[in-house]
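Encoded as structure tokens, the structure appears first; notes follow it.
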Amino acid sequence: MPERTESESRKLLRRLRDSLAEPGAGQERLDRITHIIADSMGCEVCSIYLFRDEETLELCATEGLKEESVHKTRMRIGEGLVGRVARTLTPVNTANAPAEKGFRYMPETGEEIYSSFLGVPIQRVGEKLGVIVVQSKTAREFSVEEVDALEVVAMVLAEMTELGAFVGDGGAMAGLHKRPVMIRGATGQEGAAEGRVWLHEPRVVVTNPVADDPLTEIERIRAAVSELRVSVDDLLAAESLDKEQKQVLEAYRMFAHSRGWLRRMEEDITRGLSAEAAVEKEQSTARARLETVPDPYLRDRLHDLDDLSNRLLRILTGQGKDTGAEMPDHPILVARNIGPAELLDYGRKLKGVVLEEGSVGSHAAIVARALAIPLVIHADRITAEALNGDPILVDGDQGIVHLRPEDTVAVAFRDKVAMQAAAQNRYASLRDLPAEAKCGTRISLHMNAGLMADLPSLAGSGAEGVGLFRTELQFLIRAHVPKRSELAAIYSSVLDAAKGKRVAFRTLDIGSDKVLPYMKRVEEPNPAMGWRAIRVGLDKPGVMRMQLQALIRAANGRPLTVMFPFVAEVNEFRHARQMLMDEIARERALGHALPERLEIGAMLETPSLAYAPDAFFEMCDFVSIGGNDLKQFFFAADRENEAVRRRYDVLNSSFLRFVRHIVDRCAAAGTPLSFCGEDAGRPVEALCIAALGVRMLSMRPASVGPVKHLIRRVDLTELRALIDRECATGTANLRPTVMDWLAGQDI
Ligand code: PEP
Ligand code: MG
């Protein structure tokens, strides 16, 4: 077998390219390729295995193995040596394949006579496509040069696959970007939507994986890397960077200046790849490592390298983010991640959002919630699988995405959407009716909001007001601290749009997961329990004072409701309340109109506040339970952590008893109580919270109808008696009992 040299590798790539340029169906091309590779590498066997579906590899073409095994021999990922290459995305190189651990004997192929085996993955930037294998009878390990050469060949095959070179008869690669894919992620926002993929960052298309003139390609890559370095240096020179942005850019700079990165790409170019294909080959290796690295810091760095590779590819190809493609009807945004301002730019055009990363409390998730569009997060590999315009179904309730769904799946999904729409129509007919239970108890239903975009829902949903206006969104979507006049104008429009209905403005709740882009990030070991919300407002009062002034000015004589988040003890509330009173006095002195009526409330989000002195409940004009935070601290279960966030149920008797205690404390002081966490919008949970005596619930606009519908059908006094009885008898979780009770009434 000849020693591989770089020029031989280039010759092989040229032969491949020329062969691919010849006419012929997909299968014919694959057959020709295996022949060329075996011949050129001096091996008896060359085989190409491609993914049939996510789990199964199929022998699609071979030179040297028995012909009848083509399209017959299949293995699961991880099975045999080929399956191992596919799973680990690293080459297997052995002189004695049958003796290798995990070797699987496939009698139909006749491969048992071949001793040496070299398999490398065919992959393209996170997309696993298959495995290419060369085998020979002589027992020897393949040289480093041969491994490199086969990897370069695999890269070319991956690029050609992407361009559709093997689509055709015989089923070879017929499935790429065509087969239905179901991706299980996590719920970011409930709801269901059907539409077409719109990629936030369209893929860069590389049309020339093989290059004739390495010197020109090396010049191109060096020029592009220089341009990249300058652009990263320019970004770093910008003044307005916070510590975190600086850190990311420093990492970018490190990679951009890395000699190893450029050297490896240059070596691949010398072996015959074009500059673009060389960048993608390095990117693919980094993506493959990403799958196996558990360390979050290293993963971040690999992500940085990935971003940088995309930038480099855009410089090389001149392809910007705007490809001129037209956004399809019913667009579903697909992205690795997206910032809140960018998502807001798309606005209500979008029918849904699917992210590869993201988190329940991320800014993008908050905006998706405000826009009331379904959001699925942690949808692994969606950006590699999806193409612009692909049909896609987003099931936000289950956290599942169906890409290019089978007809049967689409039909079932449409049934579900139609049922939801029918239910919405039914709820619409209740819009002007009160949420009055059979026992005559009236519950006041309000909605949560955070953007002007939410306000149109106020009239349509049947909500009596806004029970929680999260003011941080206005801060999160800007690159700078908003001015007082800007805020006053926004709050004033909110009050205008509410047309006299009550709006409870919650002062800034930043810190924890909500970090402002322009604020210095404070590294905290446990940010949810750290310096956040009112703690920041009291320690650094400048922004809170400015916000309070903006609220008073926005009210301009109209009634004003303000609530302070995350109060843990009475003195925090006392101080915050005093700050507001000071601002009122200041505005009075300035001769500005004062609110006709002022309500000042506290959010009860820490268990400690439920045991505050009576003076606290007497001082508050109202208390609002922030159930999301309260639940996480009550059960000590992080609301952001997928592993535990669903572990505890609001209908757990401990939590219900706790809510009952808060109800009693408020009742003793005559202080109105509301509940504004996500559970207020879940009909069964809402029912139990109301039965315990919470008379006002604030929820997402879409939940008002379903909650009202259920409340009107039950007797809350009866449910209260049931809850008290069950709690007394020691039932741990009341959900089964409550569900049985509802079922007993045909609900
Ligand atoms: C809550 O904690 O329940 C709440 C309403 O506030 P947020 O979800 O914004 O923390
Ligand atoms: Mg909260």
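Among the residues of the range 454-491, just one is open to solvent by 10 Å² or more (accessible area, probe 1.4 Å) and assigned to a strand (DSSP E or B), namely R470.
When we screen M546, M519 for residues that are modelled with pLDDT of 95 or more and either of a type in the set (A, V, I, L, M, F, W, C) or assigned to a loop (DSSP other than H, G, I, E, B) (or both), the only hit is M546. When you scan the range 1-15, do you find a residue that is buried (at least 20 other Cβ atoms within 10 Å of the Cβ) and in a loop (DSSP other than H, G, I, E, B), even just one? Scanning the range 1-15, I find at least one residue that is buried (at least 20 other Cβ atoms within 10 Å of the Cβ) and in a loop (DSSP other than H, G, I, E, B), so the answer is yes. For the range 643-666, the set of residues classified as without any contact (Cβ under 8 Å) to a residue 40 or more places away in the chain, open to solvent by 10 Å² or more (accessible area, probe 1.4 Å) and under 30 Å from H378 (Cα atoms) consists of A643, V644, R646, R647, Y648, listed by residue number. Among helices (runs of 4 or more DSSP H) entirely within the range 362-453, having at least 3 residues that are modelled with pLDDT of 90 or more and open to solvent by 10 Å² or more (accessible area, probe 1.4 Å) singles out 407-428.
Of all residues in the range 585-615, those being more than 16 Å from ligand 1 (Cβ to nearest atom) and outside any loop (DSSP other than H, G, I, E, B) number 11.
Inspection of the range 87-105 finds a residue satisfying the criterion of being part of a helix (DSSP H, G or I), of a type in the set (A, V, I, L, M) and either in contact with a Lys or Arg (Cβ under 9 Å, 6 or more places away or on another chain) or crowded, with 19+ Cβ neighbours inside 10 Å (or both). When E356 is tested against (1) in contact with a Ser or Thr (Cβ under 6 Å, 6 or more places away or on another chain); (2) free of Cβ contacts under 8 Å to residues at least 24 places away in the same chain, only condition (2) is not met. Here A576 passes the criteria (1) closer than 18 Å to P672 by Cα; (2) within 16 Å of ligand 2 (Cβ to nearest atom); (3) part of a helix (DSSP H, G or I) except the one numbered (1).
Within the range 349-361, is there a residue that is in a helix (DSSP H, G or I) and either buried (at least 17 other Cβ atoms within 10 Å of the Cβ) or not β-branched (V, I, T) (or both)? So far as the range 349-361 goes, yes, one or more of its residues are in a helix (DSSP H, G or I) and either buried (at least 17 other Cβ atoms within 10 Å of the Cβ) or not β-branched (V, I, T) (or both). Just name the residue that is farthest from ligand 1 (Cβ to nearest atom) out of those in the range 667-684 that are buried (at least 22 other Cβ atoms within 10 Å of the Cβ) and under 17 Å from G601 (Cα atoms). Restricting to residues being buried (at least 22 other Cβ atoms within 10 Å of the Cβ) and under 17 Å from G601 (Cα atoms), the top hit is L673. Of all residues in the range 219-232, those that are closer than 13 Å to S309 by Cα have Cβ atoms under 7 Å from Cβ atoms of residues that are open to solvent by less than 40 Å² (accessible area, probe 1.4 Å) and of a type in the set (V, I, T), 6 or more apart or on another chain, in I221/I269. Considering (1) assigned to a helix (DSSP H, G or I); (2) in contact (Cβ under 8 Å) with a residue 60 or more places away in the chain; (3) more than 16 Å from ligand 1 (Cβ to nearest atom), the lone condition that R558 does not fulfil carries the number (1). Test I552 against the stated conditions and say whether it is assigned to a helix (DSSP H, G or I), assigned by TED's automatic domain parsing to the domain that holds F469, more than 23 Å from L473 (Cα to Cα) and more than 13 Å from ligand 2 (Cβ to nearest atom). No: the conditions fail for I552.
The values are calculated or read from the model by the stated rules, or taken from the named source; none is laboratory data. In this text the structure is predicted, and so the values were computed from the model without any measurement. All Cβ positions, glycine included, derive from the backbone under ideal geometry; neighbour counts span all protein chains shown. What goes into the accessible areas is simple: the full protein's heavy atoms, side chains included, and nothing from ligands, DNA or RNA. Shrake-Rupley method; radii C 1.70, N 1.55, O 1.52, S 1.80 Å.
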